[in-house]
Structure formats: structure tokens, C-alpha cells
Amino acid sequence: MSKPQIREVIVVEGRYDKNTLAQIVDATIVDVGGFSVFNDKQMLALLRRLAQTRGVVIFTDPDGAGFVIRNHLKGVLGAGRVLHAYAPDVYGKEKRKRRGGKEGKIGVEGMKPDVLLDALRRAGATFAGMETPERGEAITKADLLDAGLVGDGSTAKRNALVKELDLPEHLRPNALLDVLNLLFTRDEFAERYCQTAQTAI
């Protein structure tokens with residue numbers, strides 16, 4: 001069975017993440033070498049160019065360190081097509097490691113193939129042979145406010161929705177809004193999740 005082809009360049013933290021993804025997708029995968037990307041001007045220049053020409057999918061680990069790298073890249077890349085794939089919070093350790101990470105979460109390299117493919121689809125990555133459906137009206141910050149997902153006392157409701165959608169706990173409201181717009185139309189969100197968000201503990 002052939003691997004699905006993805007048009008965008010997938011950006012990961014390290015070589016083990018790259019090796020894992022290379023086994024399940026046919027795509028250009030760039031590993032940025034973890035925190036070293038912060039001072040790697042050549043790598044950042046390459047990623048900016050790739051974002052403008054091919055588009056990139058940032059796919060870092062779901063822990064705090066992964067979000068620091070993701071947010072740095074998001075700020076540096078600026079213009080261009082920048083998508084975000086999120087691995088869910090799964091606790092344990094990768095087989096090659098003696099012990100788990102600081103937060104006890106499995107990174108991209110330890111995720112199952114179907115979980116990684118689902119994360120790429122949810123990010124809006126372009127799979128060869130699959131047409132991108134037309135999106136309806138976008139979900140706005142005002143919709144999140146109406147649903148009780150931002151503002152005073154919203155943390156528990158937002159955490160409940162993040163858990164229900166199998167997204168990492170470090171997701172900020174702006175990133176959550178981006179993900180919701182990839183997953184749902186405004187009408188679907190209102191129908192399926194506003195009530196859940198309003199009644200979540």
C-alpha cells in the first residue's frame with residue numbers, strides 16, 4: 001500500500017520524529033534540531049521560503065517544550081501558508097528511551113500512524129487526490145465568548161472541550177480557534193459544541 005502524499009513541508013523537532021513520519025507519509029520532512037532552531041538563521045530562512053512556496057505544517061510534541069518551539073516558529077515565519085498539526089496528550093514513553101519526558105507525554109515519534117495521519121488531516125494538510133471542501137462562515141472569538149470558552153471562568157470549559165477533541169492541554173485560545181475552524185463550520189460548532197461547552201464542569 002502506497003503512503004499518502006502531502007504537498008506541504010512537515011516541520012518537526014528532531015530526527016526520530018522525522019523517521020516516524022517518513023514511514024507513513026510521502027512528504028518533505030524537515031527536522032529543526034529542537035531548541036537549536038532559535039539561533040539557526042539559515043534554517044529559519046529556509047522555513048520562511050518553504051512557507052511561501054510550498055506551505056509548512058508545524059508538528060511538534062504536545063509538551064511545553066514543543067509549544068515553545070511551535071510558537072517561536074509561528075512568530076518567525078509570518079507570511080506564507082503555516083498550518084499546525086497537534087498530537088494529543090498521551091502519557092508514557094517512547095520505546096528507545098529509558099524514561100519518559102519531563103511531563104510524561106509521548107512525542108510525535110511515539111504516536112501511532114493513524115493518530116499522526118488524523119492530526120495532519122485536522123491541520124488542513126493537502127493530501128494528493130483529496131479535494132479540500134469549501135468552508136462556510138468562520139468561527140470567531142465572539143463565538144468562543146458566547147460559548148463560554150474565553151473570558152472569566154472559561155478555563156475549565158475550554159479544557160473540557162480540548163480533552164473531548166483530543167487536543168493537547170497547552171493549546172491557547174487563539175490556537176484553539178484556528179483548530180476549530182479547521183474541524184467545523186460555524187453552524188456545526190454552534191450545534192455540536194456550544195451546549196457541551198456551556199454545561200462542562
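The values are calculated or read from the model by the stated rules, or taken from the named source; none is laboratory data. Quick caveat, the model's predicted, so the values are computed rather than measured. Note that we place each Cβ from the backbone using ideal geometry, even for glycine, and neighbour counts take in every protein chain shown.
When every residue of segment 98-105 is checked against the conditions, none turns out to be within 30 Å of Gln52 (Cα to Cα) and buried (at least 18 other Cβ atoms within 10 Å of the Cβ).
Being of a type outside the set (S, T, N, Q) and part of a loop (DSSP other than H, G, I, E, B) is the filter here; which residues of segment 39-80 pass it? Residues satisfying the conditions are Asp40, Arg54, Gly55, Phe59, Asp61, Pro62, Asp63, Gly78, Ala79, Gly80. Does Met130 count as among the hydrophobic types (A, V, I, L, M, F, W, C) and modelled with pLDDT under 90? The answer is yes for Met130. Val68 passes every criterion in (1) buried (at least 18 other Cβ atoms within 10 Å of the Cβ); (2) under 17 Å from Asn174 (Cα atoms) apart from (1).
Restrict the check to segment 116-138 and report whether at least one residue is in contact (Cβ under 8 Å) with a residue 24 or more places away in the chain, of a type in the set (Ser, Thr, Tyr) and part of a loop (DSSP other than H, G, I, E, B). The answer is yes, given that some residue of segment 116-138 is in contact (Cβ under 8 Å) with a residue 24 or more places away in the chain, of a type in the set (Ser, Thr, Tyr) and part of a loop (DSSP other than H, G, I, E, B).
Scanning segment 1-15 for residues that are more than 18 Å from the chain's Cα centre (by Cα), more than 19 Å from Thr126 (Cβ to Cβ) and in contact (Cβ under 8 Å) with a residue 40 or more places away in the chain gives no hits. Taken over segment 153-175, the criterion of being within 13 Å of the chain's Cα centre (by Cα) and either assigned by TED's automatic domain parsing to the domain that holds Ala87 or of a type outside the set (Val, Ile, Thr) (or both) is satisfied by Leu165, Asp166, Leu167, Pro168, Glu169, His170, Leu171, Arg172, Asn174, Ala175. Among the numbered conditions (1) under 22 Å from Phe59 (Cβ atoms); (2) part of a helix (DSSP H, G or I); (3) touching a residue at least 12 places away in the same chain (Cβ under 8 Å), the only one that Lys163 does not meet is (3).
This table checks each residue for (1) out of contact with any strand residue (DSSP E or B) (no Cβ under 8 Å at 6 or more places or on another chain); (2) at negative phi; (3) not assigned by TED's automatic domain parsing to the domain that holds His170.
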| position | (1), (2), (3) |
| --- | --- |
| Leu77 | no, yes, yes |
| Val82 | no, yes, yes |
| Ala85 | no, yes, yes |
| Arg96 | yes, yes, yes |
| Gly110 | yes, yes, yes |
| Leu117 | yes, yes, yes |
| Ala128 | no, yes, yes |
| Leu149 | yes, yes, no |
